[in-house]
Amino acid sequence: MKQYLHALKARGVLQSMSRKGNCHNNSVMKNFFGIMKSEFLYLKEFESVEQFKQELEKYMYYYNTKRIKAKLKLSPVQYRTQFTQLPR
């Protein structure tokens, strides 16, 4: 949308996009937000924005350290740290 692009440019924001029709740079985040909404956002009611922020921080910790990704069979942190613990 041209208005949106102009607003970004006016604020010095560089838009992150690949060529038209290529959604791969966005698919990981779309997947995460879909999971977060179904596991966190839609299941709770929040009394305030501050409570939402606190609960979101707890969910992010859970997502990164405790929640096992079926494809990886590890949490994201376990997956990333396994490579730093390889013998040299």
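The values are calculated or read from the model by the stated rules, or taken from the named source; none is laboratory data. Note that the structure is predicted; figures quoted are calculated from it, not measured. Cβ: placed from backbone, ideal geometry, glycine included. Neighbour counts: every protein chain shown.
Quick check on Gln51: is it modelled with pLDDT of 95 or more and surrounded by 12 or more Cβ atoms within 10 Å (Cβ to Cβ)? It is true that Gln51 is modelled with pLDDT of 95 or more and surrounded by 12 or more Cβ atoms within 10 Å (Cβ to Cβ). Looking at Tyr63, is it of a type in the set (Ser, Thr, Tyr), modelled with pLDDT of 90 or more, within 20 Å of Met29 (Cβ to Cβ) and surrounded by 12 or more Cβ atoms within 10 Å (Cβ to Cβ)? For Tyr63, the condition - of a type in the set (Ser, Thr, Tyr), modelled with pLDDT of 90 or more, within 20 Å of Met29 (Cβ to Cβ) and surrounded by 12 or more Cβ atoms within 10 Å (Cβ to Cβ) - is met.
Using the structure shown, decide if Ile35 is more than 28 Å from Ser16 (Cβ to Cβ), modelled with pLDDT of 85 or more and among the β-branched types (Val, Ile, Thr). Write out each step before concluding.
Working: more than 28 Å from Ser16 (Cβ to Cβ): no; modelled with pLDDT of 85 or more: yes; among the β-branched types (Val, Ile, Thr): yes.
Judged against the criteria, Ile35 is not a match.
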